[in-house]
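*Asks:* I have a structure here, written as structure tokens, and I will follow up with some questions on it.
The values are calculated or read from the model by the stated rules, or taken from the named source; none is laboratory data. Note that the structure is predicted; figures quoted are calculated from it, not measured. Here Cβ is always computed from backbone atoms with ideal geometry, including for glycine, and neighbour counts include all displayed protein chains.
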Amino acid sequence: MPELRPYRPADRAAVYEICVRTADAGADATGLYSSDELMPDIYAGPYLEYAPELATLVVDGTGESERVLGYIIAAADTHDFVRWYREHWLPRFAERYAPAGEPASVVSAAERSVIAAGLHPAEPPAAELAEFPAHLHINLLPETQGRGLGRTLITTLLAQLRALNVPGVHLGFEPRNGGAAAFYARLGFRPLPSASEQAPRVGISTAAEL
């Protein structure tokens, strides 16, 4: 029976693998870009370094047979996270993926777009951050979805954020991922004013009863 437990530094490779396997609008992105670490270097690695205490895993089995099935990661203060990212993470990211200041011309247009997202981390408008200062990323392997684990992960994170006096949390998702849109709607997330069809964004209060 899958269980939740806190993230440990030894779990980094497993989190990276799950990020890749769900990075193509919920489908497997393995081999899609020149490095399979590109997506997790934007959407997983920084969070594991910045706020490991807000990372929770879904695992099955114990000891050497334990398998990581999913995770939730977050930043309680998006503005501070972006500041930290630019100061501490971006130099390493840029050196690896854009050493001349721009993504290499030999990579695909899709890959250049992903690298650009890593080079220029964005923040929602200040008014939205005041109400939803935290943000999260959640990923579960396909075979574990539909079993209530996503809801449990988000409930766990909301409790952590409440304890930190964080009023709300937001996230963005790939517009092609219709399953994600339905999942967040069921949990009570609501579209943010800055959301668009090309860049859907939703938020929820930490006081939500899930």
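*Asks:* Pull out all pairs, ordered by first then second residue, where Cβ-Cβ is under 8 Å, the residues are six or more apart or on different chains, the first lies in region 59-79 and is more than 24 Å from Arg162 (Cα to Cα), and the second is among the basic types (Lys, Arg).
*Replies:* The qualifying pairs are Val59/Arg5; Val59/Arg67; Asp60/Arg67; Gly61/Arg67.
*Asks:* Cβ-Cβ distance below 7 Å, separation of 6 or more or different chains: which pairs start in region 18-32 with a residue that is under 19 Å from Leu48 (Cβ atoms) and end on one that is buried (at least 16 other Cβ atoms within 10 Å of the Cβ) and of a type in the set (Phe, Trp, Tyr)?
*Replies:* Final answer for the pair search is Ile18/Tyr71; Cys19/Tyr43.
*Asks:* Continuing with this model, one more query. Search region 176-189 for residues being in contact (Cβ under 8 Å) with a residue 60 or more places away in the chain and in a helix (DSSP H, G or I), and hand back the single one that is farthest from the chain's Cα centre (by Cα).
*Replies:* Here is the first cut: in region 176-189, the residues in contact (Cβ under 8 Å) with a residue 60 or more places away in the chain are 176-177, 179-180.
Now narrow it down to the ones that are in a helix (DSSP H, G or I): 179-180.
Working: Gly179: 16, Ala180: 13 Å.
The qualifying residue farthest from the chain's Cα centre (by Cα) is Gly179.
*Asks:* Follow-up question, since we're still on this one. Given Leu192, Leu136, which one is closer than 14 Å to Thr78 by Cβ, over 15 Å from the mean Cα position of the chain (by Cα) and among the aliphatic types (A, V, I, L, M)?
*Replies:* Values: Leu136 fails: over 15 Å from the mean Cα position of the chain (by Cα).
Being closer than 14 Å to Thr78 by Cβ, over 15 Å from the mean Cα position of the chain (by Cα) and among the aliphatic types (A, V, I, L, M) holds for just one of Leu192, Leu136, which is Leu192.
*Asks:* Please enumerate the residues belonging to region 195-207 that are surrounded by 14 or more Cβ atoms within 10 Å (Cβ to Cβ) and closer than 13 Å to Glu131 by Cα. Steps first, please.
*Replies:* Taking region 195-207 and keeping what is surrounded by 14 or more Cβ atoms within 10 Å (Cβ to Cβ), we get 195, 200-206.
Correct list: Val202, Gly203, Ile204, Ser205, Thr206.
*Asks:* Hey, does region 125-140 have a residue that's surrounded by 13 or more Cβ atoms within 10 Å (Cβ to Cβ) and polar (S, T, N, Q)? Lay out the reasoning, then the answer.
*Replies:* Let us first name the residues in region 125-140 that are surrounded by 13 or more Cβ atoms within 10 Å (Cβ to Cβ), namely 128-129, 131-140.
Keeping just the survivors that are polar (S, T, N, Q) gives 139.
Yes, region 125-140 has at least one match.
*Asks:* Working only within region 156-175, note down all residues that are outside any helix (DSSP H, G or I) and exposed (fewer than 12 other Cβ atoms within 10 Å of the Cβ).
*Replies:* Filtering region 156-175 for residues outside any helix (DSSP H, G or I) gives 164-175.
Of everything in region 156-175, just one residue is outside any helix (DSSP H, G or I) and exposed (fewer than 12 other Cβ atoms within 10 Å of the Cβ), namely Asn165.
*Asks:* A further question on this structure: Can you confirm whether Gly118 is surrounded by 13 or more Cβ atoms within 10 Å (Cβ to Cβ) and either more than 19 Å from the chain's Cα centre (by Cα) or part of a helix (DSSP H, G or I) (or both)?
*Replies:* Details: surrounded by 13 or more Cβ atoms within 10 Å (Cβ to Cβ): yes; either more than 19 Å from the chain's Cα centre (by Cα) or part of a helix (DSSP H, G or I) (or both): yes.
When the stated conditions are applied, Gly118 passes them.
*Asks:* Output the number of the condition that Glu111 fails; it satisfies all remaining conditions of (1) at pLDDT 95 or above; (2) crowded, with 18+ Cβ neighbours inside 10 Å; (3) out of contact with any His (no Cβ under 8 Å at 6 or more places or on another chain); (4) not small (Gly, Ala, Ser).
*Replies:* Status for Glu111: all satisfied but (1).
*Asks:* On to the next question. Among the residues of region 1-17, which ones are surrounded by fewer than 21 Cβ atoms within 10 Å (Cβ to Cβ) and either modelled with pLDDT of 95 or more or within 12 Å of the chain's Cα centre (by Cα) (or both)? If you could, list the steps in order and put the result at the bottom.
*Replies:* If we filter region 1-17 for residues that are surrounded by fewer than 21 Cβ atoms within 10 Å (Cβ to Cβ), which is where we start, we get 1-6, 8-14, 16-17.
Once the filter is applied, which keeps residues that are surrounded by fewer than 21 Cβ atoms within 10 Å (Cβ to Cβ) and either modelled with pLDDT of 95 or more or within 12 Å of the chain's Cα centre (by Cα) (or both), region 1-17 yields Leu4, Arg5, Pro6, Arg8, Pro9, Ala10, Asp11, Arg12, Ala13, Ala14, Tyr16, Glu17.
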